[in-house]
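Everything on this sheet refers to the single structure shown next.
The values are calculated or read from the model by the stated rules, or taken from the named source; none is laboratory data. For clarity, every value in this text was computed on a predicted model and none was experimentally measured. Reconstructed Cβ throughout: ideal geometry from the backbone, glycine too, with neighbour counts over all protein chains shown. SASA here: full protein model, heavy atoms, side chains in, ligands and nucleic acids out. Shrake-Rupley method; radii C 1.70, N 1.55, O 1.52, S 1.80 Å.
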Amino acid sequence: MDIGLAIRTIRKQKQITIMQLCEGTGLSKGFISNVENNKTSPSIATLESIADYLGVPLPYLLLTSEQRMNVVRKHERKETTAGSGQIKVQQLTAKGAMRMSIVELPAGASTGISKHAGEESHLVLQGVIQAKQGEDVETLEAGDSFTWNAIVPHEVTNIGKEPAVVLIAVSKELELDHLLNK
């Protein structure tokens, strides 16, 4: 956790000088300098005062770099294939137990039956698919969405004549993954 760097970065982005921060918080220039250089650890009350002046929530200052926003540019997306190379998967983003991808299924293609820890939410962007989970079978078209518990075996099939494109968000309970692999 680099609280000092976070404070300095926000201060500079907002074009606030150290003197303005001192005046706004009642803290000395030396103290602010020591905080920004991680030479001292401010109290929660002091951090709250700094966060208020900078206009950011206090918890934001406490996040590690891994906990902050994760951006994946379009040209940086990882692409993989599944189902004998028929199904194209673009990984949009992943952070902790959450990931989001776009899956393109050619006409007639199926994901096959799978199961894993967590939950999935799907939004059909293009085409017509059939979603099966246990005895539940639904036909969904562009604009339709659904969610299911992914620990129950499930399958998605493109039943249309055109490629189907589905946005999928998966939230996995990572600590349960090992139980499914036995």
Checking rank on 99-109, 79-89, 4-14, with mean other Cβ inside 10 Å and highest first, the result is 99-109, 4-14, 79-89
Rounded to whole Å, √(5λ) for the Cα gyration tensor eigenvalues of the range 3-62, largest first, gives 13, 13, 11
In Å², rounded to a whole number, the accessible area per residue of the chain with probe 1.4 Å is 61
For VAL56 the rounded accessible area (nearest 10 Å², probe 1.4 Å, non-protein molecules ignored) is 30
For LYS14, counting only aspartates and glutamates whose alpha-carbon sits under 17 Å away and dropping same-chain residues fewer than eight positions off, the answer is GLU23, GLU36, ASP52
With all protein chains present, the chain has a carbon and sulfur share of its accessible area (1.4 Å probe) in percent of 51
Long-range amide H partners of GLY118, meaning residues 5 or more apart or on another chain whose placed amide H is closer than 5 Å, are ALA150, ILE151, GLU173
Sequence order, the range 145-155: Karplus ³J(HN,Hα) from phi using 6.51 cos²θ - 1.76 cosθ + 1.60, θ = phi - 60°, Hz rounded, Gly and Pro as x, gives 9, 7, 9, 8, 7, 6, 6, 8, x, 8, 8
Over 25 Å (Cα to Cα) among LYS78/LYS132; LYS115/LYS161; LYS88/LYS132; LYS132/LYS161; LYS95/LYS132; LYS74/LYS132 -> LYS78/LYS132; LYS115/LYS161; LYS95/LYS132; LYS74/LYS132
Of ASP52, ASP2, ordered by accessible area with the largest first and a 1.4 Å probe, the sequence is ASP52, ASP2
For the chain the translational diffusion coefficient, Stokes-Einstein from a Kirkwood Rh over Cα pairs at 37 °C and viscosity 0.692 mPa s, in µm²/s, is roughly 166
Output ordering of 19-25, 45-51 (per-residue mean of other Cβ within 10 Å, highest first) is 45-51, 19-25
Taking the reciprocal of mean 1/r across every pair of different Cα atoms in the range 57-110, the Kirkwood radius in Å is 13.4
